[in-house]
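*Asks:* This is the structure I want to talk about, given as structure tokens.
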Amino acid sequence: MNPLSYENEKIPQSIERFLLDLKDILGDDAELLVNRIEISGIKCALVTFEGMVSTSIITQLILRPIEEISIKRATPFVLWEHIKTKLILSTDRAEAFTYGEFIRRLMSGFAFLYIDGIDGAMGFGVQGYDKRGIDEPSGESDIKGARDGFTETINTNISLIRRRVKSPTLRIEKFVIGTKSKTDVAFVYMTDKASRSMLREIRRKLQGIELETVLTSGYIKPFLEGRSFGFFDSVGTTERPDVLCGKILEGRVAMLIDGTPFALIVPYLFTENFQTIDDYSSRPFYAFFLRIIKFFGFIISVLLPGVYVAVATFHPEFFNEKLLLILASEEASAPLSLGAEAFIMLILYELIKEAALRLPKVIGGAVSIVGGLIIGDASVSSGLVSTPLLIAVALSVTASFVIPSLNESTTLLRFLFLLAGSFAGLFGIALAGALVLLNITAEANLGVPYFAPISPFIPRSMGDIAIRLPFKKLQSRNFNINSYKGENR
């Protein structure tokens, strides 16, 4: 049998043919374990992959019970029905009648019992492969939030959601995506919250994915986005089960991908980048203060280097006399223009950041020391970069840490505004700002405007944007994401 065309081939009734087909499909795989046994006089085979199943579980739940089976005048069909109806063996059971389904479940940690004379195999979920435990999310830390985060195992992630939302309207649909990887993707939503048209559209998009493999959530994310040329992501990611549960209760749809701890949320709004789970654990006035800080942090991160270069180069009249003299003395010894200096410093920062991320943690600290103390101090001491410019770049970079979910966007926009300010001053900054604002307001995903509820302006939904109203007022609003596109369901 051709290993590339086994998907829809039916499992034969002959055990010899079945084992020969397995060898043709999988080759001489050292991890494939085939145990030939006889049950009530009928030839059978127990097929597993070493390392994918738990030896103790398979011994206790499968091997011992089937060894005790004693059926007089047994036939393959009688034995099949006896195991199927009178023995539990495993709560997670499956039947495979094609090699495609058989191989996919076998490689997911199932043990399959094949009975000679039956054109199918009976599978039992006895997974025992090593997996990472439930830890605190590394990228979304909170002070008063839960300490558990998603793992790489999709069934574990589903259990974390079910623990928090014990409603019969919670639905989890599974898809298999990837012609080679056969990756399980779970589609999570609330039937009484999510829009039917939104669900149909997402199903259509998922079924249209024809990738060979899906290794991370980034493989599926482009297929769920509204447009491909936006500055910001209209599909959100999270490692936190509590955040995901909050979103699906607002009518969103979540995606869990086996093998990655990052879940996808669609649709996602621009304003949600400035919200954290701590906002709902703090007093409303403090949550309001934190959100204002984040909004200002975003503006500083994106605009500060470009605005500084634009004002110092084209509009020095904005500075008072003392500050202008300080800037002039600092720039007098610099060999490059302000725009070139800022561009070099931002590139150096990106290089240092990338090096610190990719290197082993033991060496990563040394990279920070070299970048911060040696390169930064040496650049100023040698006169290559002026101190005020270095301060502006450092403030811009530090402000971006306040909103880590927008890191990619702020990095690119920082360079965009720097180039605009270097070539056209504040006029260039205003033009770039209009371009970015136009891009945000034009973005929509699944019919939901990305900049809602600011544009289009929806007063009723503003109680959880810049400010956060008390829960006594929020509970009466019964917010649903579909209200942004004129739907109730």
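*Asks:* Which length gain, in nm to one decimal place, applies between Ile143 and Thr55 when the Cα-Cα distance is subtracted from 0.36 nm times their residue separation?
*Replies:* Result for the pair: 27.6 nm of gain on full extension.
*Asks:* Let me ask something additional. With viscosity set to 0.692 mPa s and temperature to 37 °C, compute the Stokes-Einstein D of the stretch 154-268, Rh being the Kirkwood radius across alpha carbon pairs; µm²/s, no decimals.
*Replies:* Using the Kirkwood radius from Cα pairs, D works out to 231 µm²/s.
*Asks:* Also: Report the label-to-label distance for Phe318 and Phe295 in nanometres (one decimal), using points 7 Å from each Cα along the Cα→Cβ vector.
*Replies:* Distance between the two pseudo-spin positions: 2.1 nm.
*Asks:* Run the simple label-point estimate for Glu67 and Lys166 please: 7 Å along Cα→C-beta, distance reported in nm.
*Replies:* Going from the Glu67 label point to the Lys166 one covers 4.0 nm.
*Asks:* Work from the charge dipole of the chain (Cβ charges, +1 for Lys and Arg, -1 for Asp and Glu, about the Cα centre) and give the residue of Leu357, Ile25, Leu325 farthest towards its positive end.
*Replies:* Farthest along the dipole direction, towards plus: Ile25.
*Asks:* To the nearest 500 deg cm²/dmol, what mean residue ellipticity at 222 nm is calculated for the chain from DSSP H runs of n ≥ 4 alone, each contributing -39,500 (n - 2.57), summed and divided by the residues?
*Replies:* My calculation for the chain gives -13000 deg cm²/dmol from helical runs alone.
*Asks:* Rounding to the nearest 10 and keeping the result within 0 to 90°, find how far the Cα-based axis of helix 76-86 lies from the longest principal axis of the chain.
*Replies:* It is inclined by approximately 60 degrees.
*Asks:* How far is helix 407-442 tilted off the main Cα axis of the chain, in degrees rounded to 10, range 0 to 90?
*Replies:* 30 degrees
*Asks:* For the stretch 220-241 and the stretch 63-140, write down the distance between their C-alpha centroids in whole Å.
*Replies:* So the separation of the two Cα centres works out to 37 Å.
*Asks:* Using only alpha carbon pairs under 8 Å that are at least six residues apart, calculate the relative contact order of the stretch 154-268 and give it in whole percent.
*Replies:* Once divided by the residue count of the stretch 154-268, the mean separation gives 31 percent.
*Asks:* At a temperature of 25 °C and a viscosity of 0.890 mPa s, determine how fast the chain diffuses translationally according to Stokes-Einstein, using the Kirkwood radius over alpha-carbon pairs as Rh; express D in µm²/s, rounded to the nearest whole number.
*Replies:* On the way: Rh = 26.8 Å.
Roughly 91 µm²/s, to the nearest whole number.
*Asks:* List, in the order given, every pair from Lys23/Lys84; Lys166/Lys247; Lys193/Lys247 whose Cα-Cα distance in the structure shown is over 18 Å.
*Replies:* Check vs 18 Å cut-off fails for Lys23/Lys84.
*Asks:* Further, regarding this structure: So if each residue of separation counts as 0.36 nm, and I subtract the Cα-Cα distance between Leu359 and Arg200, what length gain in nm does that give?
*Replies:* 52.9 nm
*Asks:* Beta carbons within 10 angstrom, averaged per residue: use that to sort the peptides 336-347, 70-81, 251-262, highest first.
*Replies:* 251-262, 336-347, 70-81
*Asks:* Oh, and also: When Lys and Arg each count +1 and Asp and Glu each count -1, what net charge do the other residues less than 15 Å away from Ser14, Cβ to Cβ, add up to?
*Replies:* Numbers: positive: Lys10, Arg17, Lys23, Arg36, Lys43; negative: Glu9, Glu16, Asp21, Asp24, Asp116, Asp119.
Within the 15 Å Cβ shell, the charges total -1.
*Asks:* Of Val235, Thr156, Thr169, which is farthest on the positive side of the dipole of the stretch 154-268, counting Cα position, with +1 on Lys and Arg Cβ, -1 on Asp and Glu Cβ, and the Cα centre as origin?
*Replies:* About the Cα centre, the residue reaching furthest to the positive side is Thr169.
*Asks:* Mind checking the full-extension length gain between Phe423 and Thr441? Use 0.36 nm per residue of separation minus the Cα-Cα distance, one decimal, nm.
*Replies:* 3.9 nm
*Asks:* If you don't mind, another one. Place a +1 charge on the Cβ of each Lys and Arg in the chain and a -1 charge on the Cβ of each Asp and Glu, then give the dipole magnitude about the Cα centre in debye, rounded to the nearest 20.
*Replies:* Working: 51 positive and 52 negative charges, 412 e Å.
Computed charge dipole of the chain: roughly 1980 debye.
*Asks:* Per the Kirkwood treatment, what hydrodynamic radius in Å, one decimal, follows for the stretch 100-200 from the mean inverse distance over all distinct Cα pairs?
*Replies:* So the Kirkwood estimate lands at 16.8 Å.
*Asks:* What order do you get for 170-183, 409-422 when each peptide is scored by the mean count of other beta carbon atoms within 10 Å, highest first?
*Replies:* 409-422, 170-183
*Asks:* Let me ask something else. Would you calculate the separation in nanometres between label points at Asn155 and Ser455, each defined as 7 Å from the Cα along the Cα-to-beta-carbon direction?
*Replies:* Inter-label distance under the simple model: 4.8 nm.
*Asks:* Mind ranking 266-274, 98-106, 139-147 by how tightly packed they are, going by the mean number of other C-beta atoms within 10 angstrom, highest first?
*Replies:* On the way: 266-274: 22.1, 98-106: 20.2, 139-147: 14.0.
Those peptides, ordered most packed to least, come out 266-274, 98-106, 139-147.
*Asks:* What is the helix-to-structure angle for 154-164, meaning the angle in degrees between its Cα long axis and the longest Cα principal axis of the chain, kept from 0 to 90 and rounded to the nearest 10?
*Replies:* Its long axis makes an angle of about 70 degrees.
*Asks:* Straight-line reach only, C-alpha to C-alpha below 24 angstrom: list the lysines that Lys86 could link to, leaving out same-chain residues fewer than 8 apart.
*Replies:* Lys43, Lys72
*Asks:* Along the charge dipole of the stretch 15-125, pointing to its positive end and built from +1/-1 on Cβ of Lys, Arg, Asp and Glu, which listed residue (Pro65, Gly100, Ala121) has its Cα farthest out?
*Replies:* Toward the positive end, the furthest listed residue is Pro65.
*Asks:* Please enumerate, by chain and number, the aspartates and glutamates with C-alpha under 13 Å from the C-alpha of Lys473, excluding those fewer than 8 residues away in the same chain.
*Replies:* The qualifying aspartates and glutamates are Asp464.
Readers should treat all values here as calculations from the given coordinates under stated rules, not as data from a laboratory. Every value quoted in this text rests on a predicted model; they were computed, and no experiment measured them. Every residue, glycine as well, gets a Cβ built from its backbone with ideal geometry; the counts of neighbours run over all protein chains shown.
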